[in-house]
Amino acid sequence: MDIANKVKEKGATLVDVREPLELWLSKIDEAVNIPLSKLPSKVEAVRSMSKPVIVFCRSGNRSNQAMKILKEQGIDEIYNGGSITDVKAMYQYQ
């Protein structure tokens, strides 16, 4: 699977699982912020988002955890985009 193509796919939803205080460092305007700590209570919100859903964080660790949580809840079109730097590069942000 080519995650870069998933990130660029029309209708894909980007979900930033970093904490709100981290957003001042860097953010992607099109991304929805759902911190990993709040994700279990936001599963239905993610379920209703356009698919595929690409999760990302600072380093890729929390996004991997988020992907596992959501897959356990039956959300199949969920992908770990890795770090925000990786996702920006795939989106070709400067």
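No value in this document is a laboratory result; all are computed from the given coordinates. Nothing here was measured: the structure is a model prediction, and the numbers come from that model. Note that we place each Cβ from the backbone using ideal geometry, even for glycine, and neighbour counts take in every protein chain shown.
Report the residue, chosen from 37, 63, 48, that carries the largest GNM mean-square fluctuation when the chain is represented by alpha-carbon nodes joined by springs under 10 Å.
Residue with maximal mean-square fluctuation among 37, 63, 48: 48.
With a 10 Å Cβ neighbour count serving as the proxy for reagent exposure, in which order, fewest first, do 13, 85 appear? If you can, show how the numbers build up before the last one.
Details: 13 19, 85 14.
The order, fewest Cβ neighbours first, is 85, 13.
When N is the residue count of the range 3-91, what does its C-alpha Rg come to as a fraction of 2.2 N^0.38 Å?
Working: Rg = 11.5 Å, N = 89, 2.2 N^0.38 = 12.1 Å.
The value comes to 0.95.
Select from the chain those trypsin sites (Lys or Arg not before Pro) which occupy a DSSP coil region and have at most 13 other Cβ atoms within 10 Å, ordered by residue number.
Working: sites: 6, 8, 10, 18, 27, 38, 42, 47, 58, 62, 68, 71, 88; in loops: 10, 18, 27, 58.
When the trypsin sites (Lys or Arg not before Pro) of the chain are filtered for loop state and at most 13 Cβ neighbours within 10 Å, 10 remain.
Add +1 for every Lys or Arg and -1 for every Asp or Glu among the other residues with Cβ under 14 Å from the Cβ of residue 33, and state the total.
Numbers: positive: 18, 27, 38, 42, 58, 62; negative: 16, 19, 22, 29, 30.
The answer is +1.
In terms of modelled amide H atoms, which long-range or inter-chain residues lie less than 5 Å from the amide H of residue 13?
Long-range HN contacts for residue 13: 53, 54.
Can you tell me how much longer the chain between residue 4 and residue 48 gets when fully stretched, taken as 0.36 nm per residue apart minus their C-alpha distance, in nm with one decimal? Intermediate results must be reported in sequence, preceding the final value.
Numbers: separation 44, 0.36 × 44 = 15.84 nm, distance 2.24 nm.
Taking residue 4 through residue 48 to full extension adds about 13.6 nm, to one decimal.
Taking residue 38 as the anchor, which aspartates and glutamates have their alpha carbon closer than 18 Å to its alpha carbon, excluding any fewer than eight residues away along the same chain?
16, 19, 22, 72
Using Cβ contacts closer than 10 Å as the measure, can you line up 79, 91 from fewest to most? Intermediate values should be presented prior to the final figure.
Values: 79 19, 91 16.
Fewest-to-most ranking of 79, 91: 91, 79.
In the range 16-94, which GluC sites (Glu not before Pro) are in a loop and have at most 11 other Cβ atoms within 10 Å, using DSSP for the loop call? Can you show the working numbers first?
Working: sites: 22, 30, 44, 72, 77; in loops: 30, 77.
Within the range 16-94, the qualifying GluC sites (Glu not before Pro) (loop, at most 11 other Cβ atoms within 10 Å) are 30.
If you place +1 on the Cβ of every Lys and Arg, -1 on the Cβ of every Asp and Glu, and leave all else neutral, what size is the dipole of the chain about its Cα centre, to the nearest 20 Debye? Walk me through the numbers on the way to the answer.
Numbers: 14 positive and 12 negative charges, 15 e Å.
Charge dipole, the chain, about its Cα centre: 80 debye, nearest 20.
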